[in-house]
1. What pairs come out if I take residues in segment A:249-273 that are within 20 Å of residue B:261 (Cα to Cα) and pair them with residues that are of a type in the set (D, E, K, R) and surrounded by fewer than 22 Cβ atoms within 10 Å (Cβ to Cβ) whose C-beta lies under 7 Å away, six or more apart or interchain?
2. On the given criteria, is residue B:340 farther than 18 Å from residue B:61 by Cβ, in a loop (DSSP other than H, G, I, E, B) and at pLDDT 95 or above?
3. Among the residues of segment A:67-76, count how many are buried (at least 23 other Cβ atoms within 10 Å of the Cβ) and either at the interface with chain B (Cβ under 7 Å from one of its Cβ atoms) or among the basic types (Lys, Arg) (or both).
4. Out of B:172, B:100, report the one residue that is touching a helix residue (DSSP H, G or I) at 6+ places or on another chain (Cβ under 9 Å) and at negative phi.
5. Looking at segment A:101-140, which of its residues are in contact (Cβ under 8 Å) with a residue 60 or more places away in the chain and aromatic (Phe, Trp, Tyr)?
6. Take residue A:285 and tell me if it is closer than 30 Å to residue A:219 by Cα and modelled with pLDDT of 95 or more.
7. Does residue B:288 meet the test of being buried (at least 21 other Cβ atoms within 10 Å of the Cβ), within 14 Å of chain A (Cβ to nearest Cβ) and part of a loop (DSSP other than H, G, I, E, B)?
Amino acid sequence: MALSRRGFVHTVGIGAAAAWVGARGREHSIWSAFEPVLQAVEPGTIVLASNENPLGPGKTVMKAVRAAFGDGGRNPGRYSGSAGELTDAVAKRLGVKPENVVLGCGSTQILRSATHLFTAKDKPLVGTIPTYEECAGYAEMMGHPVRPVALDSEFRIDLGKFADAAKGAGLVFYCNPNNPTATYVGAKATRDFLAKVNRESPDTTILVDEAYYDYVTDPDHDTHIAVAIDNPRVIVARTFSKAYGMAGLRMGYAVGHVDTIKKMREWEGSGGAGYLNVLAIHAGLAAIQQDASFLTAERARNAASRDFTMKWFEERGMKPTASQANFMFVNIGRPAKDFRDACRAKGVLVARDFPPFEKTHCRIAFGTMDEMKKAVAVFGQVLGKTAATAA
Amino acid sequence: MLRSRRSFFEIVAGGQTDADVRLWLAARGHEEYQAQATQAADAPRRPKPVPPGVKEIRISSNENPLGPGRAVLDAIVRQFPEAGRYPFNATPGDGALASAIATSYGVKPENIVLGAGSQELLKSAVRAFTSPGKGLVTGSPSFENCPNIAKRLGHPVVEIKVDSAMRLNLDAMATAASGAGLVFLCNPNNPTATVHGASAVEDFVRRVRSASPDTVILIDEAYHDYVTDPSYKTAVPLAMRTPNVFVTRTFSKAYGMAGLRVGYAIGATDTMKPLHRLRMPYNISVFGVTAAIAALNDAKHIEQERARNTDVRQFTVKALDDLGCKSSDSHCNFLFVDVGRPAADFRDACAEQGIVVGRDFPPFDKTHARISLGTMDEMKKATAVFRTVLRPVTTTANRL
């Protein structure tokens, strides 16, 4: 644990910036090899810590994984040559050209490539506090400066401040919906923001992370892929880890202008395909080609769990942010660590600390309705007096 | 259904179709893709495809033709319910794989860095240990991954030609290593298939370290499990007791898991720190993690695979010898063979008959081909094709 803190927090400096980098690191510390015990999840635990789809990828995808073994189980022994097929299938589904798409080992590889290519010692990374830490952590590791921007009072991206901070930056990490706060900026406001940054700071690249895109229920919702394919300074990142339920398989992609995608492919080598496992490629093919009703159903399922869980907290006087994702950020009025440890002892795993809000707020992912009914019973016991009074 | 503990074969039997198999056989593999992408600008010519309707035998990428063992396949299927979990949330988690590898060597987890194939680790090593002022030293020919990355970064590369027996020229490499950032020592060497014994490697390390103690030495043992030379030993103990020396290993070769992308680096704690820092989080899938753990627990499978490969190797070396084509002393699951003509000609002629062999390996691309070893059955078919392909030139030569 000590190693993890030391390894991760060193150059960013004091105050807010240091807080952003955080005590524990990203979803999982880069020092993972030192912390095997911390990661182990006891069987039977309700895992609400990592914004996964609790149902996994579904039958269609797992059938494709099964078929990918082929030839008496020999195929996993072959280097896969199928990354191109998945690139084509993703492009087809999105209505773009294959040259607009690069695959990654989860969106992690995409976020790292973009940070690598577009930040430098004199070209900072800009991101909100808090947001998903991969880009900031990587920039920090490379010795590139990180410029943090506070959220507004509703835990949303403050577009004015963000655009100001973007001036002269190498890369803006625009996570929408934002992890861990679950808040969302509408399609029009985002388009305006992209145009403004582009106008005021034409050499700045903006990485729009749409990891939670499929969970948004706000009607003012649209992808920014159309902007990205026309504008070399805008990239959209997507992942199969969230609504598609494939977090364990490791597959994500970026969509952007042909020139930008070409740079990312060249930096990764093998067109970015060298880190991709064959089972994930075939799972991705099945996932992207399946009927869109899969996502509609998953969005509805999540919305029901979300509404149930948010209501439970609201009724007890604990205010969640306006979640448009498969998790929420809620003011529990006590340190996240105390809450987390107590919940874990009762078989429910909630998320790590998110400074600067770790003394008051906790991130809780939405499991199945059944899991959430069990989880709120545990939350009720752990939160004790507050919960009991309101009930 | 997916939670069932039924074995892999029971489950797969229902799901597989001819179309799936065809799809797979058509796949060419990313090792080839990578080489092509890298060489695209100056590629002499594109490899000829296998004609439609001709059954393909792929002996081009040094894969285990049988794939993973039964224990590994069963472990993956048992892990299906965890597909939606991040690798650190699954049971077993990715930390458990690092621990299992560490235990197998009697070292600590901090001595192990996991990679999405050893490829990620080679890339990290070049990034961590070379710079515009401190370059890379590698063999020629050797595995191209490290020099490709160094060139992309604009870091200098010194390539030392192999000796007359196609072995890495350790003397010349040690001399060139002075002041270098990183030495890439592929042992056994891909594509020449030759191996250096333990004492030669130890002498090399001692020599480099006495002249240039800050130079990092990466010993890639991807083909470790196929070596039958009794003078060979793994350099892992050497790496554990020597600063700035580490070993990479992969599950892509004898373990038959090339498609799953699992490799690791092993070395002293301080040597491994920069590689830990560069490691991409969650780089190995839940299936890769569970498969690798199962593979480590199945040592007998590796013994069988080594014996199988040795038989096929002897058969293929002799068949090519009989055609007047001499192979270097192979300790791998592939051969580097003097076919007496450009590799591209040989490759295209073989492809006509469904046999896909390795790419060009300059500076020997005008004379030598790399041929991976498939199953005995595949190599009987392949050598029959080699006889037809290699005969005409022999005849012409006899006439002249």
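The values are calculated or read from the model by the stated rules, or taken from the named source; none is laboratory data. Note that the structure is predicted; figures quoted are calculated from it, not measured. Every residue, glycine among them, receives a Cβ derived from its backbone with ideal geometry; neighbour counts consider all protein chains shown.
1. Short answer, once both residue conditions are applied: A:271/A:265; A:272/A:265.
2. On the way: farther than 18 Å from residue B:61 by Cβ: yes; in a loop (DSSP other than H, G, I, E, B): yes; at pLDDT 95 or above: yes.
Considered against the rule, which asks whether it is farther than 18 Å from residue B:61 by Cβ, in a loop (DSSP other than H, G, I, E, B) and at pLDDT 95 or above, residue B:340 comes out as yes.
3. 5
4. Working: B:172 fails: touching a helix residue (DSSP H, G or I) at 6+ places or on another chain (Cβ under 9 Å).
That would be B:100, the only listed residue that is touching a helix residue (DSSP H, G or I) at 6+ places or on another chain (Cβ under 9 Å) and at negative phi.
5. Selection gives A:118, A:132.
6. Numbers: closer than 30 Å to residue A:219 by Cα: yes; modelled with pLDDT of 95 or more: yes.
Yes: the conditions hold for residue A:285.
7. Details: buried (at least 21 other Cβ atoms within 10 Å of the Cβ): yes; within 14 Å of chain A (Cβ to nearest Cβ): yes; part of a loop (DSSP other than H, G, I, E, B): no.
When the stated conditions are applied, residue B:288 does not pass them.
Yes/no matrix, rows are residues, columns are (1) at pLDDT below 85; (2) of a type in the set (Val, Ile, Thr); (3) under 18 Å from residue B:76 (Cα atoms):
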{"site": "A:25", "(1), (2), (3)": "yes, no, no"}
{"site": "A:41", "(1), (2), (3)": "yes, yes, no"}
{"site": "A:46", "(1), (2), (3)": "no, yes, no"}
{"site": "A:50", "(1), (2), (3)": "no, no, no"}
{"site": "A:60", "(1), (2), (3)": "no, yes, yes"}
{"site": "A:66", "(1), (2), (3)": "no, no, yes"}
{"site": "A:70", "(1), (2), (3)": "no, no, yes"}
